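*Asks:* This is the structure I want to talk about, given as structure tokens.
Computed from the coordinates by the stated procedures, all read-outs in this text should not be read as laboratory data. Owing to the predicted nature of the structure, the values given are computational and were not obtained by experimental measurement. Cβ sites come from the backbone with ideal geometry, for glycine too, and all protein chains shown count toward neighbours.
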Amino acid sequence: MTAIDAQNPDPRIIGASWLISGDSSDGNLSTADFSVHSDTAILVRNGSIAAVDTFAALCQEFPQIHAQFLEGHVLLPGLINCHGHAAMSLLRGYADDLPLQNWLQEQIWPAEAQWLSADFVHCGGELAIAEMLLSGTTTFSDMYFYPETIAQLAESIGIRAQITFPVMEMPNVWAEDAQQAIDKGLALHDQYRYSDYVNIGFGPHAPYTVSDKSFERITMLAEEVDAPIQLHLHETTVEIEQSINAFGKTPLQRLHQLGVLSPRTQLVHVTQLNDQDRLTLAQTNASVVHCPNSNLKLASGYCDIAALQQAGICVALGTDSAASNNTLDMFDTLRNAALLAKHHSGNAQQIPAHNALYMATLGGAKTLGIDHLTGSLSLGKSADIVSVDLNNPAMQPVYNPLSQLVYTQAGSAVRNVWIAGKQKVADGKLMGLNLNNTLRSARQWQHRIAGNHPATHTDTLSHNQASSIELS
Ligand SMILES: [Zn+2]
């Protein structure tokens, strides 16, 4: 048996003091099972969940199968981060405490113009994936330049990913215009058509960077190749006002009239909606990805997730990038989604713990169109499992493990992560990725970028000058 086989016996039995399945036959919050089962175990066979029963019962039935019991741990479905820009982890802490437009135009875009490359995306992507795995994320969605680099990384590491290739009219490091971005993206979609881990989708950046013509083309092609569409929408009041000035309608109305909204459409941020907007989203079955930390940090606006859910709209959660959050820990995001909803409504009962966990698991899987595959610990689904160790002072005593997962800092207590039955984190240590090398590369990038940071250099480069620099 090789070292890798020893790490990944299949079949295997994984048991723990508690298990929360999040199981739902119809994929809905109202029917999902968030009850806590004690001394329960999962039989993993061929990377899938073959049985769920008490640990004693499974060990008795399958005495020959490798079994482990995690005392004081809770098993739950792997978390799903439905929106981010992984490579931007290299810009974590680069520019804080600024409103969105200043943050983007004066800090982030110039830095990207100067530093972006496939190597930047590889290093930042590796850093992000390491952080996500260590905090219990087993599926992530990404929208960034050089999508082929992050797709290849996800595939080789074995983390589930939806990679949406960026489409915008203006030239950028990856594509000259929207047309070329779509062509390159379609080729990438073809390349990963049969991947077990990676699904390629369209990432029209936002209504203010993509023309009507491109939106129509994307809608038609997405239908044709059966791919998801993810875009930023209604992030700020400024975006909505500018759209009304330019098009005589809100971005949401514009997209609806262009036919972009459908079950394959994932809308990120979605602040400032009225009842009619919610009706439109419900009728078209588009999903919403709420990024509470990013919205809070950039003071962008509030996404009323309770009202969206009441209208029957599927809501998932995302971290957004580490440059606007600044953490990719989904436990932190789901906690803040619950707290923010309570604060905003003045109602402590709004978004209870199980609802927050649902949005980060099955709600995320539904949004990405992969709820048949992952999102709950259900028979036949992929063994995407996380164990959180509650044996620490910040999580004791344990009256309710679900409450502990949502309202404490559970991300730092993640101890084991399996994706398709393969162990990615074992006893808090990353498997199959050399974390020291990843951290060393990140620090090298930090030194390069910091050397040219406006805060440390007064002779900042113009946008054009910066674009012409070649990386070593
Ligand atoms: Zn974003």
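*Asks:* Bins of 10 Å, beginning at zero and ending with the bin holding the largest distance: percent of Cα pairs per bin for the range 386-454, please.
*Replies:* 18, 30, 27, 20, 6, 0
*Asks:* State, as an integer percentage, the relative contact order of the range 66-225 based on alpha-carbon contacts under 8 Å between residues 6 or more apart. Each step should come with its number before you reach the end.
*Replies:* Details: 212 pairs, mean separation 32.4, N = 160.
RCO, the range 66-225: 20 percent.
*Asks:* Okay, next question. How long, wide and thick is the range 168-281, going by the Cα atoms along their three principal axes, in whole angstroms, largest first?
*Replies:* 40, 30, 20
*Asks:* Same structure, new question: Mind checking the dipole of the chain: about its Cα centre, +1 per Lys or Arg Cβ, -1 per Asp or Glu Cβ, Debye to the nearest 20? Spell out each step's value before the answer.
*Replies:* Details: 24 positive and 45 negative charges, 113 e Å.
Roughly 540 debye for the chain.
*Asks:* Tell me the relative contact order for the chain as a rounded percent, counting alpha carbon contacts under 8 Å between residues six or more apart. All intermediate terms of the calculation are to be shown ahead of the outcome.
*Replies:* Working: 988 pairs, mean separation 96.6, N = 472.
Answer for the chain is 20 percent.
*Asks:* Okay, moving on. Any lysines with Cα under 16 Å of the residue 422 Cα? List them, leaving off those in the same chain fewer than 8 positions away.
*Replies:* Once the sequence-local lysines are set aside, what remains near residue 422 is 381.
*Asks:* If the convex hull of the alpha-carbon atoms of the range 1-56 is projected onto planes in all directions, what is the mean projected area in square nanometres?
*Replies:* Working: hull surface 19.2 nm².
Computing the convex hull of the Cα atoms and averaging its projections yields 4.8 nm².
*Asks:* Ok, one more. Would any residue of the range 200-227 have its amide N under 20 Å from a label point 7 Å out along Cα→Cβ of residue 194? List them or say none.
*Replies:* Under cut-off, by backbone N: 200-201, 225-227.
*Asks:* Bin all alpha-carbon pair distances of the range 1-101 at 10 Å intervals from 0 and give each bin's fraction as a whole percent.
*Replies:* All Cα pairs, binned at 10 Å, distribute as 13, 32, 24, 18, 11, 2, 0 percent.
*Asks:* Please sort 260-273, 193-206 by packing, taking for each peptide the average over its residues of neighbouring beta carbons within 10 angstrom, highest first.
*Replies:* Working: 260-273: 22.5, 193-206: 20.7.
Ranking the peptides 260-273, 193-206 by packing returns 260-273, 193-206.
*Asks:* Counting other beta carbons within 10 Å of each residue's own, what order do 59, 303 fall into, fewest first? All intermediate terms of the calculation are to be shown ahead of the outcome.
*Replies:* On the way: 59 17, 303 27.
Neighbour counts put them in this order, fewest first: 59, 303.
*Asks:* Based on the Cα gyration tensor of the range 287-413, what are the three equivalent ellipsoid semi-axes, each the root of five times an eigenvalue, rounded to whole Å and given largest first? Provide the component values of the computation, followed by the final result.
*Replies:* Details: eigenvalues 93, 77, 45 Å².
Equivalent-ellipsoid dimensions as semi-axes: 22, 20, 15 Å.
*Asks:* Sticking with this one: At 10 °C and 1.306 mPa s, grab the translational diffusion coefficient of the range 202-351 from Stokes-Einstein with a Kirkwood Rh over Cα pairs, rounded to a whole number in µm² per second.
*Replies:* Estimated diffusion coefficient is 101 µm²/s.
*Asks:* Moving to a separate point now. Count neighbours as other Cβ atoms within 10 Å of each site's Cβ, and list the chymotrypsin sites (Phe, Trp or Tyr not before Pro) in the range 310-416 that are DSSP loop with at most 14 such neighbours.
*Replies:* On the way: sites: 331, 358, 399, 407; in loops: 399.
In loop regions of the range 310-416 (DSSP not H, G, I, E or B), the sparsely surrounded chymotrypsin sites (Phe, Trp or Tyr not before Pro) are 399.
*Asks:* Also, quick follow-up: Which percent of Cα pairs goes in each bin when the distances of the chain are cut into 20 angstrom slices starting at zero?
*Replies:* 25, 58, 17, 0
*Asks:* By counting other Cβ atoms within 10 Å of each Cβ, how are 18, 109 ranked from fewest to most? Could you put the intermediate results ahead of the total?
*Replies:* Numbers: 18 24, 109 14.
Placing the least packed residue first, the sequence is 109, 18.
*Asks:* At a 10 Å Cβ-Cβ cut-off, how would you order 249, 424, 429, 381, fewest neighbours first? Please report the intermediate quantities before stating the final value.
*Replies:* Working: 249 14, 424 26, 429 10, 381 20.
In increasing order of surrounding Cβ atoms, one gets 429, 249, 381, 424.
*Asks:* For the peptides 335-341, 177-183, what is the packing order when you average, over each peptide's residues, the other Cβ atoms within 10 Å and list the highest mean first? Mind showing how you got there, number by number?
*Replies:* Working: 335-341: 22.0, 177-183: 17.6.
With the highest mean Cβ count within 10 Å placed first, the list reads 335-341, 177-183.
*Asks:* I need the Debye-formula profile for the range 69-221: one equal scatterer per C-alpha, no solvent, reported as log10 I(q)/I(0) at q = 0.12, 0.16 1/Å, two decimals.
*Replies:* The Cα Debye sum returns log10 ratios of -0.54, -0.92.
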